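Below: one structure, written as structure tokens.
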Amino acid sequence: MSNQLDDGVRRAYWRANLRYLAILLAVWWLVSFGCGLVFAPWLNQWKLPGTGFKLGFWFAQQGSIFVFVALIAVYVVLMARLERRLGLYEE
Amino acid sequence: MSVQVWTFVLVGASFALYIALALWAKARSTRDFYVADGAVHPVVNGMATAADWMSAASFLSMAGMIAALGYGGSVYLMGWTGGYVLLALLFAPYLRRFGRFTVPAFVGDRYGSQTARVVAVVCALFVSFTYVAGQMRGVGIVFSRFLEVSIETGVWIGMAIVLFYAVLGGMKGITYTQVAQYCVLIFAYLVPAIFLALRMSGSPLPQWGMGAPVDGEPSVLERLDGLNRELGFASYTEGGGSLVDMLCVTAALMAGTAGLPHVIVRFYTVPKVRDARSSAGWALLFIALLYTTAPALAVFARTNLIESVSQQPYERMPGWFKKWETTGLIRFEDKNGDGLVQHVGDAQLNELHVDRDILVLASPEIGGLPDWVAGLVAAGGLAAALSTAAGLLLVVSTSISHDLLKGALWPSITERGELFFARVSAAVAVVVAGYLGVNPPGFVAQVVAFAFGLAASSFFPTILLGVFSRRMNAAGAVSGMLAGLAFTASYIVHFKFVHPELNSAAHWWFGISPEGIGALGALVNFAVAFAVARFTPPPPAHLASLVDRIRSPR
């Protein structure tokens, strides 16, 4: 089965995968290097609503880690959907 | 029962559990020994990966380090978790699809080069041995602090346990003991943190409690910020060093995490490609449980410490203060002779020195928790150290028996012969690691910079290019790996060993510390690899189709 896969399907799969990766890694960069470090001093002028967390500090020590977990979860779901759609899903 | 008795009971019970699991999960084939027959459920593997990853340092020292560094400590939190995003998105599914046993096997096969494989084996051995020596030392330290035996005795006991289950069970035995160790260590970490959060903020959720308002008053975090300012320490929530260096350290830790061989091999053990993705997600979730609690524990413990000792008479210090003073982890020197404890930012006037490890070790006592919690923390620290040591030792033994022996020196060796040598090399590796734990070479404290820097500048770019560039060839990969390694290693050796007196921002290149140089080393690796590949022939057709096969889930 696997060697009869048509090249067009493989190419479409890989292109969609690269697109997901670009978007998810952009978010990954934004929450950690971006909000946690580069923009942290600027974000620190606000507080996370209802708490005493300065926003930049919160991203650096809490928020980025929550987003990391969410990013992997989103990728798992997106890839499973893509594989089903293209008939590449392993039962 | 006293703390001592509880410690014996809980540590003894956890050890008995690990041994029982090892007997139950005995390895019967090389596939069992190297990758647990590729039949581990993704959630189970995620838990095992979390225990594998979180070392004695994560468990004992990280919260204390963050309490001391404040916002500056964020680079460790983000660096050691963000790497899992790279692992899940860029590495795990493709390496699982490739489906061999080791990282050097991937490098060697993908580039069709024995040289690449041998270079990768040398990197894997070096990274794993430096790291494991630190773990064995950690085992010894936990034993000596809680059970009042010498550090040496502690190392020997730890060695005997690891020897037993790693040699007998291989990856299969390690996987199931790591699951048990994760449960022990996370329970031991969360219980004191939750108690402390409840007492200081009224919220049972440490992550929320550190920043939430307390009965309409400012949060604990804001109180700590105020205390730090008042006593002349650097701001807790801002500052933290130069931006360039913080970016580089974070990047080096992330790339290094994704490139550490003992973490990567865990993803060979799940049944399907998509399991590798979800397993990395579970692993990060289990890790995040500890990593988001650590900064909260840091805030609670530091605030509590300052508020209970600052400007108070030495005579009226609480019991835990006196107890940890006898171990040398808390030191007080009454410089101005007024009988009060001054804990201030100015080093000339500061009278109190608090070791970083104390935060986690003493948190049950500082929080006034029951004795069994202190015993639990000891069992948790040992679980963290043992699980990481076992994972590293497995990488060492597979590198020797599979990559060096079967792959290069003795290709015709039988399955039984290979399994035998895998066990022998695991046993030898434990003994060497134990020796290094008892007689630590001067550099054990520096292994973090070394292991992560080398993994970031060697494995990370090489594996990434192996999957995402069809054009990358053996010449490019090998020269990139060697250039990245040589650059990073010489920078670290220069500042850590040859001229430690020059190790300061004024002398660093572009203001990048040895901890962060791996990020630049990875860029050197990429640049050299692309340049060399550009002027050498593309890889042969069968390697290009291997890349196509790895990219497709079936």
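The values are calculated or read from the model by the stated rules, or taken from the named source; none is laboratory data. Keep in mind the model is a prediction, meaning the values are calculated, not measured. Backbone-built Cβ (ideal geometry, glycine too); neighbour counts: all protein chains shown.
Worth pointing out:
- In the range B:538-547, the condition of being among the polar types (S, T, N, Q) and either at pLDDT 90 or above or more than 30 Å from residue B:96 (Cβ to Cβ) (or both) is met by no residue.
- Applying the condition of being out of contact with any His (no Cβ under 9 Å at 6 or more places or on another chain) and surrounded by fewer than 19 Cβ atoms within 10 Å (Cβ to Cβ) to the range B:504-523 and asking which residue is nearest to residue B:483 (Cα to Cα) yields B:523.
- Residues considered: B:499, B:507. Of these, the only one that is in contact (Cβ under 8 Å) with a residue 12 or more places away in the chain, farther than 24 Å from residue B:479 by Cα and not β-branched (Val, Ile, Thr) is B:507.
- Test result for residue B:320, at negative phi, surrounded by fewer than 22 Cβ atoms within 10 Å (Cβ to Cβ) and at pLDDT 85 or above: no
- Helices (runs of 4 or more DSSP H) within the range A:1-66 that include 3 or more residues more than 9 Å from chain B (Cβ to nearest Cβ): A:7-29
- Restricting the range B:512-537 to residues that are of a type in the set (S, T, N, Q) and at pLDDT 90 or above, the residue that is farthest from the chain's Cα centre (by Cα) is B:536.
- Qualifying residue in the range B:343-353 (condition: at pLDDT 85 or above, among the acidic types (Asp, Glu) and buried (at least 16 other Cβ atoms within 10 Å of the Cβ)): yes
- You will find that of B:265, B:249, the residue that is within 13 Å of chain A (Cβ to nearest Cβ) and of a type in the set (Val, Ile, Thr) is B:249 and no other.
- Count of residues meeting criterion [touching a Cys at 6+ places or on another chain (Cβ under 9 Å) and either in a helix (DSSP H, G or I) or within 23 Å of residue B:106 (Cβ to Cβ) (or both)] in the range B:512-554: 4
- Options B:71, B:84: the member that is farther than 23 Å from residue B:267 by Cβ and at the interface with chain A (Cβ under 10 Å from one of its Cβ atoms): B:71
- Of all residues in the range B:486-511 being of a type in the set (A, V, I, L, M, F, W, C) and not in a helix (DSSP H, G or I), the one that is modelled with the highest pLDDT: B:508
- In the range A:68-91, the residue that is farthest from residue B:288 (Cα to Cα) out of those that are part of a helix (DSSP H, G or I) and more than 9 Å from chain B (Cβ to nearest Cβ) is A:85.
The rows are residues; the columns are (1) among the basic types (Lys, Arg); (2) farther than 23 Å from residue B:397 by Cα.
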{"site": "B:17", "(1), (2)": "no, yes"}
{"site": "B:22", "(1), (2)": "no, no"}
{"site": "B:25", "(1), (2)": "no, no"}
{"site": "B:31", "(1), (2)": "yes, no"}
{"site": "B:42", "(1), (2)": "no, yes"}
{"site": "B:47", "(1), (2)": "no, no"}
{"site": "B:50", "(1), (2)": "no, no"}
{"site": "B:58", "(1), (2)": "no, yes"}
{"site": "B:62", "(1), (2)": "no, yes"}
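- Within the range B:176-203, no residue that is not assigned by TED's automatic domain parsing to the domain that holds residue B:43 sits with its Cβ atom under 8 Å from a residue that is among the charged types (D, E, K, R) and not in a helix (DSSP H, G or I) at 6+ positions apart or across chains.
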